[in-house]
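A.B. asks: One structure, pasted below without further comment.
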Amino acid sequence: MRLRSLLYLPLLVILVGCGKPIVVHAVTESSLDPIADVRVYRHRFGFFNFFPGTKFVQTGPDGRAEVSVGSANTNLTMLRAGFEPVIFGVFETPSVAIAPDVGGYDHVVMFKEIKSAPNNEYQVKLRPVRREPMELTVLDSATNAPISGAEVFGATFLYLPQPGLEADWGFPPLQVAKTDASGKVTIDQISGFRNSITIRLVGYQNAVIAFDGRTITGPRAVDVPFRKLQSKQIDFLVIDAKTKAPVQGAEVRLGESRDGLPPNPNGWTKVVGADGRTGPMPVADMSPFLISVTSSNYQEWRGAPVWRALTAGQTKKLELQRK
């Protein structure tokens, strides 16, 4: 019996010391009115828990929500459509890297300073999102001629690490537009978020403009140089790494992107036939230059060959390892 109690003791200590409850009180910055339906996500940094989860609690009509925070490296991300996001950090020790504004945090609290109820409430002021126009002029980098018909995507991110443009995390929706005959297009700059604007067109290298939505001061105009791509015809041959036999049905992809945007117009996907070949395919000198191959019973192959080392008309072998 004593041995069993000793075995349970460490678990009990962990459960007792794993966190403290706090109450966040969301209010408007101007009049301190309560804000209902604010989503509060809890995010713990760690080797196995690096990205924010999908679970959240919401503030009630009084703008309040209770959430348990850990003793170190805990973020609360507060989101409400129409307002700038708020990052609330809870840490063991102070640091310049986590200071409000400097470290990207709107609020920083030391775990040891959190008091018991009813003195564990923290008022959080939310600012309305501001939208300021940014006029882009897309120009051919070699001729300086305006480029019409280029697709333009305006996306917003939070300041936590994100694997892509996930709609639920960027409350301002993806903006989609095209350049006019003069190469111009206008996109909103959205305050409080990271902003990323991507310009795409067949035959041209993607152009990306990224800026901090907390530094927006007003409308602005930006010229965007657009580089024309060079292309070579390459035949890809997918084979078994051990037997050297063709791998029928393997899927070869060029220009894979994990940014949550539609597929790159300069990329392609090709399923190989019984001979394991894609046939001649256009391969542009785009950046990043990434090729990936998938097939059942084989490990995914991913690589970035040197474009300059490829010869037009050559056959490029891609060897797959069995699982």
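A.B. asks: Looking at region 144-201, what strands (runs of 3 or more DSSP E) fall wholly within it and have at least 2 residues that are buried (at least 18 other Cβ atoms within 10 Å of the Cβ) and either among the polar types (S, T, N, Q) or modelled with pLDDT of 95 or more (or both)? Outline the logic, then answer.
C.D. replies: Values: elements: 151-157, 175-178, 184-190, 194-200.
By residue number, 151-157, 184-190, 194-200.
A.B. asks: Same structure again: All but one of (1) under 20 Å from the mean Cα position of the chain (by Cα); (2) at pLDDT 90 or above hold for Ala117; state the number of the condition that does not hold.
C.D. replies: The number of the failed condition is (1).
A.B. asks: Now a separate question. Out of Ser296, Ser292, Ser287, report the one residue that is polar (S, T, N, Q), touching a residue at least 40 places away in the same chain (Cβ under 8 Å) and in contact with a strand residue (DSSP E or B) (Cβ under 6 Å, 6 or more places away or on another chain). Steps first, please.
C.D. replies: Details: Ser296 fails: in contact with a strand residue (DSSP E or B) (Cβ under 6 Å, 6 or more places away or on another chain); Ser287 fails: in contact with a strand residue (DSSP E or B) (Cβ under 6 Å, 6 or more places away or on another chain).
Going through Ser296, Ser292, Ser287 in turn, just one is polar (S, T, N, Q), touching a residue at least 40 places away in the same chain (Cβ under 8 Å) and in contact with a strand residue (DSSP E or B) (Cβ under 6 Å, 6 or more places away or on another chain): Ser292.
A.B. asks: May I ask you to list the residues in region 227-265 that are at pLDDT 95 or above and assigned to a loop (DSSP other than H, G, I, E, B)?
C.D. replies: Selection gives Arg227, Leu229, Gln230, Ala241, Lys242, Thr243, Lys244, Ala245, Val247, Gln248, Gly249, Ala250.
A.B. asks: Can you report the number of residues in region 286-323 which are small (Gly, Ala, Ser) and surrounded by 12 or more Cβ atoms within 10 Å (Cβ to Cβ)? Before the answer, list the steps.
C.D. replies: Pass one, region 286-323, residues small (Gly, Ala, Ser): 287, 292, 295-296, 303-304, 309, 312-313.
Retained after the next criterion (residues that are surrounded by 12 or more Cβ atoms within 10 Å (Cβ to Cβ)): 287, 292, 295.
Result for region 286-323: 3.
The values are calculated or read from the model by the stated rules, or taken from the named source; none is laboratory data. Bear in mind that the values here come from a model prediction, so they are computed numbers and not experimental data. Positions of Cβ are generated from backbone atoms using ideal geometry, with glycine treated the same way; all protein chains shown enter the neighbour counts.
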